[in-house]
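**Q** If you scroll down you'll find the structure; I have some questions about it.
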Amino acid sequence: MIVAMQDTATEEQITMVVEHLVRMGFSVHRTTGERQTVLAAVGARIDFDTRNLEVLSGVQEVHRISAPYKLAGRSFRPQGTVIELGHGVRIGGEEVVVMAGPCSVESREQLFNVAEQISKAGARVLRGGAFKPRSSPYSFQGLGIDALKLLREAGDRFRMLVISEVMEISQIEMMLPYVDILQVGARNMQNFNLLRELGKIKKTILLKRGIAATLEELLLSAEYIMAGGNYNVILCERGIRTFETYTRNTLDISAIPIIHKLSHLPMTSDPSHGTGLRDKVPPMARASIAAGADALLIEVHHDPDRALSDGAQSLYPAQFAKLMDELRMIAPAVGRKVA
Ligand code: PEP
Ligand code: MN
């Protein structure tokens, strides 16, 4: 931590700050410049709150130099994490894994129709909501366990793994036999009780960034899961809320290289929720691959005008197949490939 003192700070104030730091367990190195004194403090507890120093008299600013997370940080595994999901699917390796499917599982006919087409186009993981976090309590809430059974059946039939969202602790046990990846939605990124429970299982977790969460907060949420012993965590940028109203959210593509710098965990991009607009999904998917995404999460529906959720951002199967062809051309330019 670097503590810059004000140029008007008295010797007494500087001594007080040094004593405070020592009491907190830091070793302190003092640099006394012509105008300003700077204190370099090392060895603190990871949960130290820098505001405790900012409020001391004579302090101008305080900068943390170490991250507040350990297990999620890049230095924990500098070589990066590759998550082995079975059936030859690895996330974080050379192949960019495309996960696709409807926002919600609506019926057997809908799911099997979409699953067959996306599988032919190269999707490796089938997505579909069984429990839906809807802004309105009057909107379709999902088919629950019936949807999970359909997902497993369709995934097995068309040789894809399965991802679905877990909304609360009581659903974890029920979902385990049916899914390969549990998705934690944007609204639950800071549901710390849920994250702790997910730390106790071995199943891979895809953790989405909250709509107003910083990347540091996303990594601290990943840390909750990892601290429980589950290191199989994949992160996901799905758009954040900004002042722009044209799109549903603003897809923060810069989150992809930033997460790769800060963390060893694989990073996914969800251009469907990131834009909310069907015709904006392909360009943002292409940009995500170019920016280094390890996986994509894309909503596809065979009849989006009649979808029970997120139809406007769902690609038609033919659009998805065309996008996959484009991604196959872009990936090699950044040293990757797409199935
Ligand atoms: C979804 O994937 O359908 C979903 C609800 O995502 P998010 O949590 O990003 O809104
Ligand atoms: Mn959706």
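**Q** Can you find a residue in segment 29-48 that is farther than 30 Å from residue 220 by Cβ, polar (S, T, N, Q) and in contact with a helix residue (DSSP H, G or I) (Cβ under 6 Å, 6 or more places away or on another chain)?
**A** yes
**Q** Go through segment 43-96 and count every residue that is touching a Lys or Arg at 6+ places or on another chain (Cβ under 7 Å) and aliphatic (A, V, I, L, M).
**A** 5
**Q** Among (1) modelled with pLDDT of 95 or more; (2) touching a strand residue (DSSP E or B) at 6+ places or on another chain (Cβ under 8 Å), where does residue 67 come up short?
**A** (1)
**Q** Here's a follow-up. Which of the following residues is farther than 26 Å from residue 229 by Cβ and of a type outside the set (Phe, Trp, Tyr): 82, 55, 89, 97?
**A** After applying the criteria, what remains is 55.
**Q** Could you check segment 170-181 and list, in sequence order, the residues that are outside any helix (DSSP H, G or I), open to solvent by 10 Å² or more (accessible area, probe 1.4 Å) and within 16 Å of ligand 1 (Cβ to nearest atom)?
**A** The answer is 180, and nothing else.
**Q** So, one more: When you check residue 6 against the structure, is it among the polar types (S, T, N, Q), open to solvent by 50 Å² or more (accessible area, probe 1.4 Å), at pLDDT 95 or above and farther than 30 Å from residue 333 by Cα, yes or no?
**A** yes
**Q** Are there strands (runs of 3 or more DSSP E) fully within segment 203-307 with at least 2 residues that are in contact with a Ser or Thr (Cβ under 8 Å, 6 or more places away or on another chain), of a type outside the set (D, E, K, R) and within 14 Å of ligand 1 (Cβ to nearest atom)? List them.
**A** Answer list for segment 203-307: 204-208, 233-237, 295-299.
**Q** When residue 167 is evaluated against the numbered criteria (1) outside any loop (DSSP other than H, G, I, E, B); (2) open to solvent by 50 Å² or more (accessible area, probe 1.4 Å), which criterion, by number, is the only one it fails?
**A** For residue 167, the failing item is (1).
**Q** Here is a follow-up. Of the residues 118, 46, which single one is touching a residue at least 12 places away in the same chain (Cβ under 8 Å), open to solvent by 50 Å² or more (accessible area, probe 1.4 Å) and either part of a helix (DSSP H, G or I) or more than 16 Å from ligand 1 (Cβ to nearest atom) (or both)?
**A** 46
**Q** Just to verify a result, which residue in segment 9-34, among those that are of a type in the set (Ser, Thr, Tyr) and more than 37 Å from the chain's Cα centre (by Cα), is most open to solvent (accessible area, probe 1.4 Å)?
**A** 32
**Q** Scan segment 78-115 for residues that are touching a helix residue (DSSP H, G or I) at 6+ places or on another chain (Cβ under 7 Å) and part of a loop (DSSP other than H, G, I, E, B) and jot them down.
**A** 102, 105
**Q** Among the candidates 88, 129, which residue alone is open to solvent by less than 10 Å² (accessible area, probe 1.4 Å) and either under 19 Å from residue 178 (Cα atoms) or of a type in the set (A, V, I, L, M) (or both)?
**A** 129 is the lone residue from the list that is open to solvent by less than 10 Å² (accessible area, probe 1.4 Å) and either under 19 Å from residue 178 (Cα atoms) or of a type in the set (A, V, I, L, M) (or both).
**Q** Something else about it: Looking at residue 240, is it touching a helix residue (DSSP H, G or I) at 6+ places or on another chain (Cβ under 7 Å) and of a type in the set (Val, Ile, Thr)?
**A** When the stated conditions are applied, residue 240 does not pass them.
**Q** Still on this structure: Would a scan of segment 182-197 turn up a residue that is in a loop (DSSP other than H, G, I, E, B) and away from ligand 1 (no atom under 16 Å from the Cβ)?
**A** No - not one qualifying residue is present in segment 182-197.
**Q** Another question, then. Among the numbered criteria (1) touching a residue at least 24 places away in the same chain (Cβ under 8 Å); (2) on the phi > 0 side of the Ramachandran plot; (3) touching a helix residue (DSSP H, G or I) at 6+ places or on another chain (Cβ under 9 Å), which single criterion is violated by residue 142?
**A** For residue 142, the failing item is (3).
**Q** For residues that are farther than 30 Å from residue 260 by Cα and surrounded by fewer than 23 Cβ atoms within 10 Å (Cβ to Cβ), tally how many sit in segment 91-115.
**A** Summing the residues that are farther than 30 Å from residue 260 by Cα and surrounded by fewer than 23 Cβ atoms within 10 Å (Cβ to Cβ) in segment 91-115 gives 6.
The values are calculated or read from the model by the stated rules, or taken from the named source; none is laboratory data. Owing to the predicted nature of the structure, the values given are computational and were not obtained by experimental measurement. Neighbour counts run over all protein chains shown; Cβ positions are idealised from the backbone, glycine included. These accessible areas exclude ligands, DNA and RNA; they are computed on the full protein's heavy atoms, side chains included. Shrake-Rupley method; radii C 1.70, N 1.55, O 1.52, S 1.80 Å.
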